[in-house]
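Down below is the structure, laid out as structure tokens.
The values are calculated or read from the model by the stated rules, or taken from the named source; none is laboratory data. Everything numeric in this text was worked out from a predicted model, so none of it was measured. Please note: Cβ atoms are built from the backbone with ideal geometry, for glycine as well, and neighbour counts cover all protein chains shown.
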Amino acid sequence: MAQNGIRYIVVNIEKGNNVKVGWMERRALNSSEAFNPEKHHQNFSFSYKKDACPFILDCKTREFIWIDKEFDYNYYSDFRNILQHIENMDQDQSKVINTITDSYERKKYLMKLEKNKKCYNRNLKVKHSLFYYYLEPLKISLKELIQLHIQARGGTQVESEEELEEGDIAFLSAPPLHRKDNIHYIFYHQQDTILTNFMSLN
């Protein structure tokens, strides 16, 4: 796959309980090799209430990117429409439509084309969102997070502990030798405090 310029494979499975997913080494993509337990690697069991994407395979790094995302629509009921639209894109539909003489059948065919296109576009948007949010997540440093809170609170950033005043919040890499009274100290290793008070939407 990687040799053909394909970087990612989005794995989709149907809804259900205890759905088994695994992978096996093969000589080529379309080889007719029978199942061989010796070449079978890993075995996952999933339970989803809706069709879902458990993971994305990175063909370049040969890694699984865990997604664990249920779709908001029935992926497999739309799959035939998606494939049909891909096939239609390789054809001149105007020629096909002109061969349909009955007005009702022509209208029916046009409606089918539109439905296939909608299914295809929706699937494309969903797949793009998976790649955007999970493969290119927004990342900021702890320093940037603190500066954002200072701006949001209308505060002032000071450069030394001597400038701290009563009621201030002090972000430090390590506890100071002498702490000032009535100063709220937060240290980099206090992840629970940072996640709860500075990365929560509440």
Under 9 Å between Cβ atoms, at least 6 apart or on separate chains: pull out the pairs that start in the stretch 63-75 with a residue that is among the β-branched types (V, I, T) and modelled with pLDDT of 85 or more and end on any residue that is loosely packed, with under 14 Cβ neighbours inside 10 Å and not in a strand (DSSP E or B).
I65/L135
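Filter the stretch 61-89 for residues that are of a type in the set (K, R) and either touching a Gly at 6+ places or on another chain (Cβ under 6 Å) or within 16 Å of R122 (Cβ to Cβ) (or both); which is surrounded by the fewest Cβ atoms within 10 Å (Cβ to Cβ)?
From the stretch 61-89, those of a type in the set (K, R) are 62, 69, 80; that's our starting set.
Narrowing the set further to residues that are either touching a Gly at 6+ places or on another chain (Cβ under 6 Å) or within 16 Å of R122 (Cβ to Cβ) (or both) leaves 69, 80.
Details: K69: 18, R80: 11.
Step by step, filter the stretch 61-89, then rank; the result is R80.
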Can you pull out the residues in the stretch 1-37 that are loosely packed, with under 10 Cβ neighbours inside 10 Å, touching a residue at least 24 places away in the same chain (Cβ under 8 Å) and polar (S, T, N, Q)?
N17, N18
Which condition number does H40 fail, the rest of (1) in contact (Cβ under 8 Å) with a residue 12 or more places away in the chain; (2) under 27 Å from N121 (Cβ atoms) being met?
(2)
